[in-house]
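FYI, it's all coordinate maths here, none of it is from the lab. These numbers were taken from a predicted model, which means no experiment stands behind them. Note that we place each Cβ from the backbone using ideal geometry, even for glycine, and neighbour counts take in every protein chain shown.
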Amino acid sequence: MTQALAIQWIDGREENVDRKMSELRQKLSPRGDIVSTAGRRRTIEIFGKPLTPQQIVEMICRDIDKHGLSALLDYNKRIDRAEITPEMLRVSEAEIVAAHQQADPAFLQTLCNIRENIWTFQSAILHKDVRIECRGGYIAERYRPMRRVGICVPGGMAAYPSTVLMTAVPAQVAGVKELAVIAPPTKFGSNNPDLLATCWELGIKEIYRMGGAQGVAALAYGITINKGEPNEQTLIPKVDKIVGPGNLFVALAKKFVFGEVDIDSIAGPSEVVIIVDSTTEPEYTAFDMLAQAEHAPGASILIGWDKKSLEKTVGAIEKQLAHVERGELARQSLEDFGAVIVVRDAEEACVVTDAIAPEHLHIATQNAEELADRISCAGAMFLGNYTPVAVGDYAAGPSHVLPTSGTARFASGLTCNDFLRANSLLHFERSGLAVMADDIQRLATKEGLTAHRASVEVRLKEKT
């Protein structure tokens, strides 16, 4: 007999949905002060005392900044239980080539197909230089790619070639020349043949056996051998930006090094909101909910105004739990972080969704495009019964690196434009400066910045 799914039901017609969702978000927040019993034991084993994740990350980052290679190798050993020598830290080109040569041709073709989809979409949205002619001059905005970018690829429970595609290809479209990939030294990370083959297929030859906070810190600060000595050698050059998903420690490390380098976001666990009506196929939605829940943790929120449809969907989820590989993990996620929200109507569904500001929003209703127009805050929207989130996760073209934990209120998904730096260009002749002179001088006077005012006046004086 199938075990009943103890998912939380919230009646939005009677209960405070904002408060309920805030309670749920607290469980998934990347704050860095929530530690499980198992996590506390592991922390004591590694560090000798019960530190919070935030304290651990700060210690690691400071050690990497101060001690460099020795600290990096020490943390690789203690945290990942990997004996990595300086020579092994960077994956050799021979290993990458061998992985590519041994890869399934169908897999390589899939990589080519998806790369083309991503390249087409990202190229279409790439910022273009702008120049505006003014009286006596011009103003312009120009874009130049970052020099060097680091990409974090998880490697705990599975290998993620899709993460390489969804981060590296947008950077390449922007024109970034140097890409450094890091992944933990595990069978799913930097030792994974499919991951290495993906990198080679995309022209990436710089891959390091390191993950977690220590990997992020190494990218941010760089790793140098014999620092300050005549024979000083840079082993890992520092990057300009770090992108890519990871666990809580990766998120907190990115937060810590921000300012030293740029980052894409401080990401929490994956999440989806699905809006359904009486036309939605319950079995489709069941797998959409399970797809997020199997990330474990992953938040899956179901919203609708037709209670019968919601009940059918929950029944379909219960039925399918036994047939997915990570069924028990998915069940735990659904019970801990999932919810079914009953609302009055479609309008209220949009209001509730905007307040949640989800990473993924799947509108699986008859009038999906109409509802999408009413919702502003979501990382990515998937419309209709035949657009599961997996389409965006793997193949369509927009990056699957998206804002989580409600940050879609102010943040956006990763694009090629995040790898560009903008420069304003201003060029005026004397006649053009004269047109603006009175306004500049008046405002400078108001602010008491007389040298600013004088810098204009001196240029417009008649020469004697």
Could you check the simple spin-label distance between Trp9 and Ile225, using points 7 Å along Cα→Cβ, in nm with one decimal? 6.5 nm
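Residue separation times 0.36 nm, minus the C-alpha to C-alpha distance between Tyr394 and Glu369: what's the value?
Values: separation 25, 0.36 × 25 = 9.00 nm, distance 2.22 nm.
Stretched fully, the Tyr394-Glu369 segment lengthens by 6.8 nm.
Arrange the peptides 117-123, 354-360 so that the one whose residues have, on average, the most other Cβ atoms within 10 Å appears first.
Ranking, from highest mean packing down: 354-360, 117-123.
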With a 10 Å Cβ neighbour count serving as the proxy for reagent exposure, in which order, fewest first, do Met59, Met289 appear? Met59, Met289
Restricting to DSSP H runs of at least four residues, report the calculated mean residue ellipticity at 222 nm for the chain, -39500 (n - 2.57) per run over all residues, nearest 500 deg cm²/dmol. -14500 deg cm²/dmol
Non-local residues with an amide H under 5 Å from the amide H of His362, with H modelled 1.01 Å from N and Pro and chain starts lacking one, are Val273, Ile274, Ile275, Phe382
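Working out 0.36 nm times the residue gap between Met88 and Glu178, then minus their Cα-Cα distance, what length gain in nm do you get to one decimal?
Working: separation 90, 0.36 × 90 = 32.40 nm, distance 2.04 nm.
Separation in residues times 0.36 nm, less the Cα-Cα distance, equals 30.4 nm.
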Points 7 angstrom from Cα along the Cβ direction at His127 and Ala38: gap in nanometres? 4.3 nm
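If neighbour count is taken as other Cβ atoms inside 10 Å, put Ser300, Ser424, Ser412 in order from fewest to most.
Working: Ser300 28, Ser424 8, Ser412 14.
Fewest to most other Cβ atoms nearby, the residues stand as Ser424, Ser412, Ser300.
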Work from the charge dipole of the chain (Cβ charges, +1 for Lys and Arg, -1 for Asp and Glu, about the Cα centre) and give the residue of Thr163, Phe249, Ile10 farthest towards its positive end. Phe249
What do the square roots of 5 times the Cα gyration tensor eigenvalues come to for region 358-415, in whole Å, largest first, as semi-axes of the equivalent ellipsoid? 18, 15, 8
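Of Lys66/Lys128; Lys49/Lys255; Lys187/Lys319; Lys227/Lys254; Lys20/Lys308, which pairs sit farther than 30 Å apart, going by alpha carbon to alpha carbon?
Working: Lys66/Lys128 41 Å; Lys49/Lys255 23 Å; Lys187/Lys319 32 Å; Lys227/Lys254 24 Å; Lys20/Lys308 22 Å.
Result: Lys66/Lys128; Lys187/Lys319 exceed 30 Å.
Between Gln332 and Arg78, what FRET efficiency comes out of the Förster formula 1/(1 + (r/R0)^6) with R0 = 25 Å and r the beta carbon distance, rounded to 0.05? Walk me through the intermediate numbers first.
Working: r = 28 Å, r/R0 = 1.13.
That pair, Arg78 with Gln332, gives E of 0.30.
Using DSSP, restrict attention to beta bridges with both residues in region 180-274 and report what percent are antiparallel, rounded to the nearest 5.
Values: 3 of 10 bridges.
So the antiparallel bridges amount to about 30 percent of the total.
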By the Kirkwood definition, with r running over pairs of different Cα atoms, region 303-351 has a hydrodynamic radius in Å of 12.0 Å
A chain fully extended from Arg144 to Asp306 at 0.36 nm per residue, minus the present Cα-Cα distance, gains in nm 53.3 nm
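Under 8 Å for C-alpha pairs, at least 6 residues apart: give me the relative contact order for the chain, rounded to a whole percent. Let's see the in-between values first.
On the way: 890 pairs, mean separation 89.8, N = 464.
It comes to 19 percent, rounded to a whole number.
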Taking the Cα centre of region 87-263 as origin, work out the dipole magnitude from +1 charges on Lys and Arg Cβ and -1 charges on Asp and Glu Cβ, in debye rounded to 20. 520 debye
With θ taken as phi - 60° and the coefficients 6.51, -1.76 and 1.60, list the Karplus ³J(HN,Hα) couplings across region 394-400 in order, rounded to whole Hz; mark glycine and proline as x. 10, 9, 5, x, x, 5, 8
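Mind checking the dipole of region 113-158: about its Cα centre, +1 per Lys or Arg Cβ, -1 per Asp or Glu Cβ, Debye to the nearest 20? Write down the numbers at each step before the final one.
Values: 8 positive and 4 negative charges, 43 e Å.
The calculated dipole for region 113-158 is roughly 200 debye.
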Tell me, what is the FRET efficiency for Gln109 and Ser278 to the nearest 0.05, using R0 = 35 angstrom and their Cβ-Cβ distance as r? 0.30
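Starting from the Cα gyration tensor of region 322-377, take the square roots of the eigenvalues, sort them a ≥ b ≥ c, and report rounded, prolate or oblate (rounded when a/c is under 1.5, otherwise prolate if a/b is larger than b/c, else oblate). Don't skip to the answer; put the middle values down first.
Details: a/c = 2.42, a/b = 2.08, b/c = 1.16.
Prolate is the answer for region 322-377, as a/c is 1.5 or above and a/b outweighs b/c.
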Kirkwood Rh in Å, taken over the chain so that all alpha-carbon pairs contribute: 24.7 Å
Quick check: convex hull over the Cα atoms of region 50-185, volume per residue in Å³, rounded to an integer? 198 Å³
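If r is the Cβ-Cβ distance from Thr120 to Met59 and R0 is 35 Å, what FRET efficiency results, to the nearest 0.05? Walk me through the intermediate numbers first.
Working: r = 44 Å, r/R0 = 1.26.
After rounding, the FRET efficiency stands at 0.20.
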